[in-house]
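Presented below is the structure to which this report refers.
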Amino acid sequence: MIEIRFHGRGGQGAVTASRLIAEAVAKEGRYAQAIPMYGTERRGAPVTAYVRIDDKPIRRRDLVHEPDIVIVIDPILSRKPSVAAGLKSGGLLLLNYPKPPEEVEIGGGFMVSTVDATTIALETLRRPITNTAVLGAFSKVTGITKLKSLEGAILKRFPGEIGERNIEALRRAYKEVHPPKPAKGSLRPGEELPHVTGYGVLKSVADWRVFRPVVDLEKCVGCRLCWIYCPETAISLVDEKPVIDYDKCKGCGICVHECPVKAIEFVRETV
Amino acid sequence: MTVEVMVGNKAAATAAKLSRVQVAVAFPVTPQTTIVEYLNEFITKGEMDCEFINVEGELTAQVVVQAASRIGVRTFCCTSGPGCLYMHHPMHDTSSLRLPVVMAVVHRGNKGMQPDHTDLMSHIMTGWIQWYVENNQEVLDSIIMAYRVAEDMRVRIPIAVGYDGYILSYTAEPVDIPDQEEVDDFLPPYKPTPSLMPEDFDPKAPRWWRVPWEEHHKVIVDAKEVIKEVNEEFGKRFGRSYGNGLVEEYRCEDAEAVIVAMGTIASTAREAIDNLRAEGKPVGLVKLKCLIPFPYEDFQRIGSEVRAIGMVDRNVCLGVGGVGHTFIRNAIYDLEERPRVLGFHAGLAGKEVKVSDIEHMAEKVLKAARGESVSPLVEWV
């Protein structure tokens with residue numbers, strides 16, 4: 001039995017990715033189980049999903065605690081060593097990360113492979129939904145499912161142009177993924193997993209952002225619309241001009257959208 | 001037959017479609033599940049000829065599904081956790097009126113939103129047949145079988161098919177979908193009947209209530225035979241059956257001790273039993289699928305074959321104990337040589353039940369079977 005754990009955020013498609021793998025595997029005549037783990041999360045909150053693959057029907061219904069493979073589809077979570085918690089010795093850590101495996105800071109007795117899925121997703125889908133790109137990388141480095149089976153599963157779920165673009169993301173990642181290297185980074189995973197469900201008051205939601213709103217105070221006319229519309233009350237006014245508390249900002253982009261003079265720019269977060 | 005990877009909720013909706021349900025009634029939002037979304041997708045696409053009635057609450061959902069069934073159509077209802085509790089009162093009427101409604105209950109515990117069996121178990125006195133299933137295939141198969149049982153003229157009792165929220169409702173796995181023609185052959189169109197009340201029934205007569213109560217109880221008890229028949233016939237036609245329809249024994253041959261489990265815990269337990277058998281430990285699993293009517297005869301037979309039974313209850317009747325534990329002890333009381341019966345409360349409020357947890361329970365029950373002292377007799381895992 002092969003056991004996989006996904007880390008991502010609501011909206012990036014970790015749950016869908018887990019189901020696409022299960023569908024592709026079933027198409028190839030094997031058995032799979034795709035388990036999402038969520039409570040009342042919103043778009044942007046960290047989520048976990050699990051996949052089991054076997055040649056015979058899968059009966060156990062507990063969660064996966066010692067995965068063979070960990071897949072992180074979010075670039076910011078990819079920096080957190082805790083994603084590799086419980087990963088089996090000799091296992092594989094597949095990260096959505098813009099740098100080659102040698103520059104990954106997470107280390108341990110496992111292999112690490114990287115793919116810049118966010119860039120691929122932005123260029124093919126024009127939005128940072130990274131699941132299908134990461135699946136292309138998964139197919140290449142693990143060989144567990146054929147690219148063709150994944151393409152079939154994607155087209156079945158997303159017929160038409162959206163499916164075609166997702167397949168483009170899948171194929172690009174298949175070509176561009178960095179092959180696995182021993183994980184030599186200095187940061188060791190602890191015992192504790194990152195957020196498994198989304199309850200509780202978070203001190204900071206900065207990790208949730210893919211884009212960061214930046215105010216150009218020269219252009220700002222002090223109309224307060226951004227301050228009114230921010231759903232997280234992350235904007236306060238200092239001398240009638242907005243100041244963003246980036247710990248509270250999830251990067252939803254509403255302020256960028258509402259600003260009548262285009263004084264707020266949406267800048268991609270760098271890893 | 002086609003294989004599709006689907007979540008439990010889609011398996012339930014697909015079963016309703018294959019059963020040619022004519023009226024489906026549900027409260028559409030939380031704590032409702034995605035069953036209603038799949039149903040409406042089927043109806044909108046023209047794959048299912050069914051009237052879906054949106055209502056403002058589960059109490060109304062149960063009343064409306066009851067009315068539709070009385071008018072004479074095949075009906076389906078679905079709910080979860082608090083919604084299931086909210087329809088308690090009309091559920092009594094649905095069963096008293098002997099209406100063959102089938103309802104999917106996606107388990108969500110009475111505390112929190114994670115799964116346990118306390119929602120449906122709160123209805124053990126409503127006169128509904130209750131089944132607890134362990135995988136998405138069984139969700140689909142059981143709902144189809146439920147119509148055959150519920151609509152049988154010897155039964156005419158509503159059936160609730162319960163499956164664990166999240167663990168099945170949102171978990172995707174391959175499910176064999178039988179062809180429509182095969183299901184049509186197995187499940188003929190619904191034949192409405194007039195009231196099942198006796199001809200000379202007079203509600204003004206003294207002690208009139210005794211007749212429906214006594215008859216209602218007997219009919220549910222006797223439904224066990226129909227459930228067995230339908231399960232067997234399903235197995236012959238579709239190649240899948242679930243024990244004898246009431247309980248399923250897994251690796252119980254020569255077992256000194258057995259674990260009894262329900263729902264998805266039974267699925268995980270198979271793995272644990274295989275592990276212990278590989279170590280040469282004579283333990284088995286009894287999956288309890290049909291809680292109401294309770295399979296007393298099966299447990300009397302099993303109780304005479306083993307030295308100890310361990311019931312894993314994903315519920316607690318507060319102030320009493322585990323429902324399954326209590327029922328099993330009741331069943332074995334008349335045996336001359338009674339086995340020991342241990343209890344476990346596990347998986348409450350969605351607490352994860354691991355393979356190792358069940359191994360621990362089975363080993364403890366085996367110790368008890370071999371006359372060693374074990375404590376506590378009822379354990380919270």
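The values are calculated or read from the model by the stated rules, or taken from the named source; none is laboratory data. The structure presented is a predicted model; accordingly, all values stated were derived computationally and were not measured. No Cβ is skipped: glycine too gets one built from the backbone with ideal geometry, and neighbour counts run over all protein chains shown.
Annotations
- Of the residues screened, B:Gln130 is one that is closer than 27 Å to B:Cys317 by Cα and modelled with pLDDT of 95 or more.
- Test: B:Gly263 is over 18 Å from the mean Cα position of the chain (by Cα) and either within 14 Å of another protein chain (Cβ to nearest Cβ) or at pLDDT 95 or above (or both): no
- Residue selection: B:Glu215 satisfies the criterion of being at pLDDT below 95 and surrounded by fewer than 19 Cβ atoms within 10 Å (Cβ to Cβ).
- Considering segment B:67-82, the residues that are within 20 Å of the chain's Cα centre (by Cα) and crowded, with 24+ Cβ neighbours inside 10 Å include one that is nearest to B:Arg20 (Cα to Cα), namely B:Arg74.
- When segment B:341-355 is filtered for residues that are facing another protein chain (nearest Cβ under 10 Å) and under 15 Å from B:Leu285 (Cα atoms), only B:Val355 remains.
- Filter pass, B:Ile273 being under 19 Å from B:Phe344 (Cα atoms) and at pLDDT 95 or above: yes
- B:Ala255 vs. criteria assigned to a helix (DSSP H, G or I), of a type in the set (A, V, I, L, M, F, W, C) and more than 15 Å from the chain's Cα centre (by Cα): no
- Failed item in (1) crowded, with 24+ Cβ neighbours inside 10 Å; (2) touching a strand residue (DSSP E or B) at 6+ places or on another chain (Cβ under 8 Å); (3) more than 14 Å from chain B (Cβ to nearest Cβ), with A:Gln12 passing the rest: (2)
- Test: residue in segment B:340-350 that is under 22 Å from the mean Cα position of the chain (by Cα) and surrounded by fewer than 19 Cβ atoms within 10 Å (Cβ to Cβ): yes
- The residues of segment B:16-46 that are aliphatic (A, V, I, L, M) and in a loop (DSSP other than H, G, I, E, B), listed by number, are B:Val21, B:Val29.
- Test: residue in segment A:42-49 that is more than 29 Å from B:Lys354 (Cβ to Cβ) and of a type in the set (Ser, Thr, Tyr): no
- Pairs with Cβ under 6 Å, 6+ apart, first in segment A:22-47 and at the interface with another protein chain (Cβ under 8 Å from one of its Cβ atoms), second surrounded by fewer than 17 Cβ atoms within 10 Å (Cβ to Cβ) and modelled with pLDDT of 95 or more: A:Tyr31/A:Asp54; A:Tyr31/A:Pro57
- Residue list for segment A:231-253, restricted to those being in contact with an Asp or Glu (Cβ under 9 Å, 6 or more places away or on another chain) and in contact (Cβ under 8 Å) with a residue 12 or more places away in the chain: A:Glu232, A:Thr233, A:Ala234, A:Ile235, A:Lys248, A:Cys249, A:Lys250, A:Gly251, A:Cys252
- Tally of residues being crowded, with 21+ Cβ neighbours inside 10 Å, basic (Lys, Arg) and more than 26 Å from B:Glu232 (Cα to Cα) across segment B:90-148: 1
- The set of residues in segment B:290-308 being more than 21 Å from the chain's Cα centre (by Cα) and not small (Gly, Ala, Ser) consists of B:Arg301, B:Glu305, B:Val306, B:Arg307.
- Only a single item in (1) within 14 Å of chain A (Cβ to nearest Cβ); (2) more than 24 Å from the chain's Cα centre (by Cα); (3) charged (D, E, K, R); (4) closer than 30 Å to B:Met145 by Cβ is not met by B:Lys287, and it is number (2).
- Verdict on B:Arg270 being within 14 Å of chain A (Cβ to nearest Cβ), among the basic types (Lys, Arg) and touching a residue at least 24 places away in the same chain (Cβ under 8 Å): no
- Yes/no for B:Gly347 being touching a helix residue (DSSP H, G or I) at 6+ places or on another chain (Cβ under 9 Å), over 22 Å from B:Ala255 (Cα atoms) and of a type in the set (Gly, Ala, Ser): yes
- Unmet requirement for A:Ile2, which otherwise passes all of (1) among the β-branched types (Val, Ile, Thr); (2) within 14 Å of another protein chain (Cβ to nearest Cβ); (3) touching an Asp or Glu at 6+ places or on another chain (Cβ under 9 Å): (2)
- The set of residues in segment B:226-260 being within 14 Å of another protein chain (Cβ to nearest Cβ) and charged (D, E, K, R) consists of B:Arg240, B:Glu248, B:Arg251.
- Of all residues making up segment A:51-65, the number that are more than 7 Å from chain B (Cβ to nearest Cβ) and at pLDDT below 95: 2
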